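Below is one structure, written out as C-alpha cells, with a few remarks after it.
The values are calculated or read from the model by the stated rules, or taken from the named source; none is laboratory data. Only a predicted model underlies this, so the values are computations on that prediction, with no experimental measurement involved. Cβ: placed from backbone, ideal geometry, glycine included. Neighbour counts: every protein chain shown. Note: accessible area is taken over every heavy atom of the protein model, side chains too, but ligands, DNA and RNA are not part of it. Shrake-Rupley method; radii C 1.70, N 1.55, O 1.52, S 1.80 Å.
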Amino acid sequence: MVRRIAAILVFAVALVLVLIGVLFAALQSTWGKEQIRALIVRQTSQFLTAQLEIRQLTGSLLRGVVLEDVRLIQHGEAIVSIAELSLSYSIRELLQDGIVVRQLRIVQPRVIAAKNEGGRWNLASIVRRQARDGERSGPGRPIEISTVTVVDGNVVLADPLTFGAAHVPERYEHLNATLSFRYEPVTWAVDFADVSWSGGASDLTVNRLAGGISNGPEGWAFRDLSVETPRSSFKLSGRIERGGKP
C-alpha cells in the first residue's frame, strides 16, 4: 500500500511538472505572447483612463519583454506613441509587495500634452487615483525602476504652461535621458544621470541636466540639480515646503 501511494504521488508530481512545462511552453510561443499582449491591454483599463494599444509583444517572459508600436489613445487622439518599449525584470521582484523593474528602455516616444475641457492636463489624468494622503493621491503599491533610458524622444506642450514669470518650454526634440524612478504612496523621486534635448531656435535647449527631484506630502526637494544650456548653467539644492508656514 505504501509503495502504491508513493508511486501515485510520484506520478502526480511528474504530471504537474509536465503540465507546468506545457503551459510555460505555450506562454512562450507566439500564440501565448499574443494572449498576454491582449491581457495587458485589458488589465490596464483598471488603472488607466486612456486606451492602450500594443501591436506586438516579443522577448522572454521570465527576464524581460519588448513591446512594439505602443500607443495611448484618449478621446480618439494618440497622446503617447512609442516605437519600442523594453523591460528587464525578475519575476520574483514583480510578484513581491512592491513592483521592481530593473531596466526600462523607451525608443522614439512621441508625446502631445494638452489641457482638457476642465483645464487639467491630459497626461495628469491618465492614471486613475488610488492611494490618498490629504490632497495627494496615486497608485497604492511601491514602484521602483532602477534604470530608465529614453532614446530620441519628442514632447510637445500644445497649451502654454507658466508659473508666474517662468514659462515652461513647449518643445523637447531629440530628447535623450538616463534616470531612475522610485515611488512610495504617495511620494515619488527621480534621479537624473544625464538628460538633454533641443528646443529649436525659439525655445530652450538643454545640453545636460543631472541631479535629483522628489515630491511628497512635505513638499518638493532638489538634490544637486544642475542644468547646463548653451548660454547658462546653475546648480540647485534645497526644499520647497508645503504648508502654512513661511
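Observations on the model:
- When residues in the stretch 47-82 are screened for being open to solvent by 60 Å² or more (accessible area, probe 1.4 Å) and either under 16 Å from the mean Cα position of the chain (by Cα) or of a type in the set (D, E, K, R) (or both), 9 of them pass.
- Check on Phe234, open to solvent by 40 Å² or more (accessible area, probe 1.4 Å), free of Cβ contacts under 8 Å to residues at least 12 places away in the same chain and assigned to a strand (DSSP E or B): yes
- Here is the figure for the stretch 138-189: residues that are among the aliphatic types (A, V, I, L, M) and over 30 Å from Gln96 (Cα atoms) total 9.
- Meets criteria (part of a strand (DSSP E or B) and modelled with pLDDT under 90) for Arg132: yes
- Of everything in the stretch 152-170 that is modelled with pLDDT of 90 or more and crowded, with 16+ Cβ neighbours inside 10 Å, the residue that is nearest to Asn215 (Cα to Cα) is Val155.
- Close pairs from the stretch 44-73: first in contact (Cβ under 8 Å) with a residue 40 or more places away in the chain, partner small (Gly, Ala, Ser) and surrounded by fewer than 18 Cβ atoms within 10 Å (Cβ to Cβ), Cβ under 9 Å, at least 6 apart: Thr49/Ser125; Ala50/Ser125; Leu72/Ala78; Leu72/Ser81
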